[in-house]
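The next block holds one structure in the form of structure tokens; read it before the comments.
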Amino acid sequence: NMRHNLILCVAFLSFFSCGQEFSEPTRKQKKEYIQETKEFIKYIRTIEHQNDTILLADIPNMKGITECINGLYRDTTLFSIDEQESIKSQINEPLLKRWDTKLVGKVNIISRDTITAIFKDRSKWWTYFYKHYGSSFNSFSAPIFLRNYTFCLFYSDHSCGGLCGSGQITLYKKEGGTWKPLRSICDWIS
């Protein structure tokens, strides 16, 4: 009887763990991700801020995606259950941990810790930021690629004051080697 219960327990665990394996990406997969990220960001920079040197937060902003992504999960015609799991996995453990000029090009990088410290202290806030860093900053998520790098979910925002800013998640599709915006999700403006 105990042996029977043990066999059932092992079978149960095996059944529910199938398909749930999210193994550590290989060096080749990481290299491919970084190359695709460079190409994607190159496209983003040609349609936004192409001649500007922007101030970019160094840590990818995955929180922006997390806050709005639930609407996507309700639409199972857009992403399969497996793709939704891949999205969740890439949000929780992004391959890209930090932005740098090699990936983004003409930018100035600001530490997320610095941004947090400035805006946590109400005596500093935007007045201090404007004086020491400029008129605004941007943050990007790590790109979330799907379907063999033919789709990409990407969050970007622009902050320029207490009631000045905007952001959105955009779904892009690669067609003929070029990224095209397909759908905008959870746009906000202040």
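Taken together, the values in this text are just the output of simple stated rules run on the coordinates, not laboratory data. As the structure is a computational prediction, the values presented were derived from the model and not from experiment. Heads up, the Cβs are rebuilt from the backbone with ideal geometry, glycines too, and the neighbour counts pull from every protein chain shown.
Per-structure values
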{"read-out": "Label-reachable residues, segment 91-119, where backbone N falls under 16 Å from a point 7 Å from Trp126's Cα toward its Cβ", "value": "118-119"}
{"read-out": "For segment 110-190: relative contact order, % (alpha-carbon pairs under 8 angstrom, 6 or more apart)", "value": "19 percent"}
{"read-out": "Values of log10 I(q)/I(0), in the order q = 0.09 Å⁻¹, for segment 42-185 under a Debye, Cα-only, solvent-free model", "value": "-0.30"}
{"read-out": "Label zone at Asn108, where the point sits 7 Å out along the Cα-to-Cβ direction: segment 116-141 residues whose backbone N lies under 12 Å", "value": "129-138"}
{"read-out": "Per DSSP, loop trypsin sites (Lys or Arg not before Pro) in segment 53-135 with at most 14 further Cβ within 10 Å", "value": "Lys97, Arg98, Lys106, Arg122, Lys124"}
{"read-out": "Nonlocal amide H pairs with Ile54, under 5 Å, H built at 1.01 Å", "value": "Asn108"}
